[in-house]
Each structure stands twice: as C-alpha cells, then as structure tokens.
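Contents: one structure, followed by commentary.
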Amino acid sequence: MESRDEGVRAELVSDGTLFEGYHPRMEAVHRENATELRAIIEVYGWPSAELVGPEGADAAWLVLQHSIGDPEFMRYCRTLIEAASNAGRIPRWQFAYLDDRIRVFEGKTQRFGTQFDLKPDGPEITSLEDPIQVDRWRQEVGLATISEVMSRARGLPLPSKAEYEAKQAAGERWRRKVGWTA
C-alpha cells in the first residue's frame, strides 16, 4: 500500500500535477489503501510493529494519514492510535500528527503544531490550541520545536496570492464534500 501511494505520488510530482488540488489518481489510491487498512484493522486491530514489524507499522500510519477522503475512518483510527500510543505500542508522535490533521480538516485548532500552511508570505503554523504550551507538548511526544520546523519550512516554494486563494477555496469545497465540515 505504501509503495502504491509513493509510486503514484512520484509520477504526479514528476508531471507537475500533484499540487493542483487533490488529484483524482492520488485520491483513488488513498481510498483503495484505506479500504485495505480497514479490513486489516477489523481482523487484527491496529497494525503495530509487534504485529507487522516496524516497516509495516510505519506504512499503516502513512496510509491512515492519507485516508483524508474518509473522515469517519480517520476519527475511528484516532481512538486506536491514541490507545496504542498511550500503551507504548507505537510512537506518541504518530497520534500527535493524526490528531492535528483531523482537527485542522475539521476547522479546529491543533494541539501539537504539526500542520502548517504555505502562504504567499511564507509558511505559517495552522491555528494552535495553546501557543504557550505547544513546544512542551511537542517535546513530550518526541517532536522538534515549532521554531525548528518553521526554519526548515522557510525553504519551500511559495504560492502566489491567486494560487493560494484558489487552493483555499478548493480545499474548503472538498472538506465539505467529504464530510470534514458542514
């Protein structure tokens, strides 16, 4: 599943179409992978390293992170990931990324500051639940500080104002369509 995801992603990066909205080919791969992961979870529970080895566990987490077209599945898996990370069966940072991703898609503040937006003026962390506590929470789950992340993000290519506004509008339509927001 991870290879299929990365292969299509590489093709779309190569032809320059990956970041033109949610590409239908990428969406199809994400949906197929989510269906397969759901079937695995129904039989075995969350695929931790104990069950599928470290590479399989990382692949399961990546597939889940990319299951953005299925909000209910991601929300359900958040409870599994939280329990597994609290029990020490998977790294706690995996819960942090998933929880933030879901919160941002829902239009809520994020807790761990894992999600940022590339704006015409530069990268910006998506709204935080508690900006004063965020670096402490990040440290508790094994993540670098916000300033370290933003320093690395400053080298990324930035969109024009028109590109950014178009992407924001398309993203909002998509979030409503798939059920992230009302």
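Throughout, read-outs are computed from the coordinates displayed, never taken from laboratory work. Since the model is a prediction, treat every value here as computed from it, not as a measurement. Because the Cβ atoms are built from the backbone with ideal geometry, glycine has one as well, and the counts that use them run over all protein chains shown.
For the reader, a short list of remarks on this structure follows.
- Residue by residue, segment 80-97 carries 3J(HN,Hα) couplings of 5, 5, 4, 5, 5, 6, 5, 7, x, 7, 9, x, 5, 5, 5, 5, 4, 4 Hz when phi is fed to the Karplus relation 6.51 cos²θ - 1.76 cosθ + 1.60 (θ = phi - 60°); x denotes Gly or Pro.
- Sum of side-chain charges, W46 neighbourhood, beta-carbon under 12 Å (Lys, Arg +1; Asp, Glu -1): 0
- Seen from R9, the other residues with C-beta closer than 13 Å to its C-beta sum to a net charge of -4, counting Lys and Arg as +1 and Asp and Glu as -1.
- Classified by the C-alpha gyration tensor, segment 57-115 has an oblate form. Its axis ratio a/c, with a ≥ b ≥ c, is 1.5 or above, and a/b does not exceed b/c.
- The stretch between E11 and K161, if pulled fully straight at 0.36 nm per residue, gains 51.3 nm over its current Cα-Cα span.
- Calculated diffusion of the chain, Stokes-Einstein form, Kirkwood radius summed over Cα pairs, 20 °C and 1.002 mPa s, µm²/s: 123
- Candidate cross-link partners of K177 among the aspartates and glutamates, defined by an alpha-carbon separation under 17 Å and a same-chain spacing of 8 or more, comprise E27, D70, E72, E106.
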